[in-house]
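What follows is a set of notes on a single structure, which appears directly below.
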Amino acid sequence: MERSRVTAAVRSGIDSDTGVSSVVPPIYLSTNYRFGGLRQPGEFDYSRSGNPTRSLLAGALAELDGAAGAVVTASGMGACTATLLALVPAGGTVLAPHDAYGGTWRLLDALARRGHFALELADLTTPDAPGHVAEVSPDLLWIETPSNPLLAISDVRALAGAAHAGEAVVVVDNTFCSPVVQRPLELGADVVVQSSTKYLNGHSDVIGGVVTASEQAIVDQLGWWANCLGVTGGAFDAYLTLRGVRTLSVRMRQHLANAEALVDAVAGHPAVARLFYPGLPDHPGHALAARQMDGFGAIVSLELVGGEPAVAAFLTGLADFSLAESLGGVESLVCHPSTMTHAAMPPDVQAAAGLTPGLIRFSVGIEDPADLVADVRAGLDRALAAGR
């Protein structure tokens, strides 16, 4: 009988130890593993190439994504790098969103400038986006949905269908959702990349990444490149991430509930010029998000009236939101994308992506929602007073 993803997450690695039958699997920190004899390697020989703890995590994440397999990397950007180098032929074309995460944009731009591939950026959220994909006919289509930080929604199924007509590989960055909220392989994607630093680990004490794929042949390509580049994840990070995955489902429920409470509390506040959250009925991607996601995520962005001075006033005095990069931890965070997560983008690229000096992004944690609401509303009152 097929078990649910909730059970799969909780049982990740449990009862797998064959040494002393420990319920929770041990961590294997060894760098290398003894050969049985000349030309007789075991399942593992060198931990960059394969590690028992990392393999347990890869198996768990593949099951959660409904994938043929997974490759665990040392960071989310390591996952992106291995994916691009493994799956884009020399001289090929990559089509990516114009409003991608700043680190992804930097990598795509740098590789394109060095001649690894041709890069085209486009708005992949418009009704005519599938037609544009068909026209460009890229070798690889990169989708990020919801987008970072404006939470725009792309139709994975429609875009994947258009891309596959031209035999493209379709990659979806699912970092903002995790498999609990969205499963892109079920929507037609070939590959899913995630920063496991975020919701998968969930405790802001690991840097990691993962790539899952629908076909074993793609998994093998990704694994070869990750080993070749030296971007495979470490054993201790894999151990911590595996521990985090066991509480993923229950954490996500609270993240989502708290995000909804926060949105309800700030909607209509006079300090808010625009509120970005796909759960709002007037969000352009609301109906699509309701179809392809199980919930609307726990990232909320808003633009303050008064620009950057209002942002400074808002941030001064926060008690339950830390000003920091990253997201997806149990603790609530706030960031200023234009000077933090997307600082790698030149001002004109930021403007084209819709990023303004007054934009802030919340990663809503699992604290008491009443405390989070009170903290943010007080900050909005400060921002409003600063603009008068």
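Since every read-out is calculated from the coordinates, none of them should be taken as a lab result. From a predicted model like this one, the values you see are computed outputs, not experimental measurements. Because the Cβ atoms are built from the backbone with ideal geometry, glycine has one as well, and the counts that use them run over all protein chains shown.
Run the helix sum for the chain: -39,500 (n - 2.57) per DSSP H stretch of 4+ residues, divided by residue count, reported at 222 nm to the nearest 500 deg cm²/dmol.
-11500 deg cm²/dmol
At q = 0.16, 0.19, 0.21 Å⁻¹, what base-10 log of I(q)/I(0) does the Debye formula yield for segment 247-299 when every alpha carbon is treated as an equal point scatterer in vacuo?
At q = 0.16, 0.19, 0.21 Å⁻¹ the computed log10 ratios are -0.50, -0.68, -0.80.
I'm a student and want to see the number: the projected area of the Cα convex hull of segment 125-229, averaged over all directions, in nm².
Average of the hull's projected areas for segment 125-229 equals 7.3 nm².
Expressed as a rounded percentage, what relative contact order does the chain have, with Cα pairs under 8 Å and six or more residues apart?
So the answer I get is 18 percent.
Based only on other Cβ atoms within 10 Å, what is the fewest-to-most ordering of CYS177, CYS335, CYS228?
Working: CYS177 28, CYS335 24, CYS228 14.
By the 10 Å Cβ count, ascending, the order reads CYS228, CYS335, CYS177.
For segment 2-63, what is Rg from Cα atoms divided by 2.2 N^0.38 Å, rounded to two decimals?
Relative to the rule-of-thumb radius for its length, segment 2-63 sits at 1.31.
Per residue of segment 25-30, what does 6.51 cos²θ - 1.76 cosθ + 1.60 with θ = phi - 60° give for ³J(HN,Hα)? Whole Hz please, x for Gly and Pro, Karplus curve as stated.
3J(HN,Hα) across segment 25-30, in whole Hz: x, x, 9, 9, 8, 4.
When ranked by the protection proxy of mean other Cβ atoms within 10 Å per residue, highest first, what sequence do the peptides 134-144, 372-382, 55-65 form?
55-65, 134-144, 372-382
Report the extension gain between VAL20 and VAL250 in nm, rounded to one decimal, defined as 0.36 nm multiplied by the number of residues separating them, less their alpha carbon distance.
79.8 nm
Give a residue-ordered list of calculated ³J(HN,Hα) values for segment 92-99 (Karplus: 6.51 cos²θ - 1.76 cosθ + 1.60, θ = phi - 60°; whole Hz; x for Gly, Pro).
x, 10, 10, 10, 9, x, 6, 10
Looking at TYR239, ALA152, GLY69, which one has the Cα that reaches farthest to the positive end of the dipole of segment 5-245 (charges on Cβ: Lys, Arg +1; Asp, Glu -1)?
TYR239
What are the residues whose amide H is under 5 Å from the amide H of VAL272, where those residues sit 5 or more places off or on another chain and H is modelled from the backbone?
Distant-sequence amide H within range of VAL272: VAL305.
At 1.002 mPa s and 20 °C, plugging the Kirkwood radius over alpha-carbon pairs of segment 249-386 into Stokes-Einstein gives what diffusion coefficient in µm²/s?
It diffuses with D of about 141 µm²/s by this estimate.
For SER204, which sequence-distant residues (separation of 5 or more, or a different chain) have an amide H within less than 5 Å of its own amide H, given hydrogens modelled in the peptide plane?
VAL330
Report, in degrees rounded to the nearest 10, the 0 to 90 angle that the Cα long axis of helix 76-87 makes with the longest principal axis of the chain.
Taking the Cα atoms of the chain, the angle to 76-87 is about 60 degrees.
Only one of the values (1) 19.1, 55; (2) 21.1, 78; (3) 61.3, 206 was calculated from this structure for Rg and Dmax of the Cα atoms in Å; name its label.
Answer label, from the structure shown: (2).
With +1 on each Lys and Arg Cβ and -1 on each Asp and Glu Cβ, and nothing else charged, work out how big the dipole of segment 187-269 is about its Cα centre, in Debye to the nearest 20.
300 debye
What is the calculated FRET efficiency for ARG11 to THR316, with r their C-beta to C-beta distance and R₀ = 51 Å, to the nearest 0.05?
Computed FRET efficiency for ARG11 and THR316: 0.70.
Taking amide H positions as placed in the peptide plane 1.01 Å from N, state which residues far from GLU144 in sequence (5 or more) or on other chains have amide H under 5 Å from it.
Amide H neighbours of GLU144: ASP173.
By DSSP, what percent of the beta bridges with both residues in segment 5-245 are antiparallel, rounded to the nearest 5?
Bridges in segment 5-245 are about 40 percent antiparallel.
May I ask you to derive the relative contact order of segment 274-314, considering only C-alpha pairs under 8 Å and at least 6 residues apart, and to give it as an integer percent? Don't jump to the answer; show the numbers that get you there.
Numbers: 32 pairs, mean separation 16.2, N = 41.
About 39 percent, as a whole number.
Report the full-extension gain for the segment ALA110 to HIS132: residue separation times 0.36 nm, less the Cα-Cα distance, to one decimal in nm.
Working: separation 22, 0.36 × 22 = 7.92 nm, distance 2.36 nm.
Residue separation times 0.36 nm, minus the Cα-Cα distance, leaves 5.6 nm.
Cβ under 15 Å from VAL219's Cβ, VAL219 left aside: what net charge do those residues give with Lys, Arg +1 and Asp, Glu -1?
Summing Lys and Arg as +1 and Asp and Glu as -1 gives -4.
Convex hull over the alpha-carbon atoms of segment 94-183: what's its volume per residue in Å³?
Spread over its residues, the Cα hull of segment 94-183 gives 85 Å³ apiece.
Among LEU384, HIS336, SER12, whose Cα projects farthest towards the positive end of the dipole of the chain, with charges put on the beta-carbon of Lys, Arg (+1) and Asp, Glu (-1)?
It is SER12.
Need one number: nm distance between label points at LEU38 and GLU367, each 7 Å from Cα along Cα→Cβ, rounded to one decimal.
6.5 nm
What nm distance separates the two modelled labels at VAL330 and SER4, each placed 7 Å from Cα along Cα→Cβ?
2.2 nm
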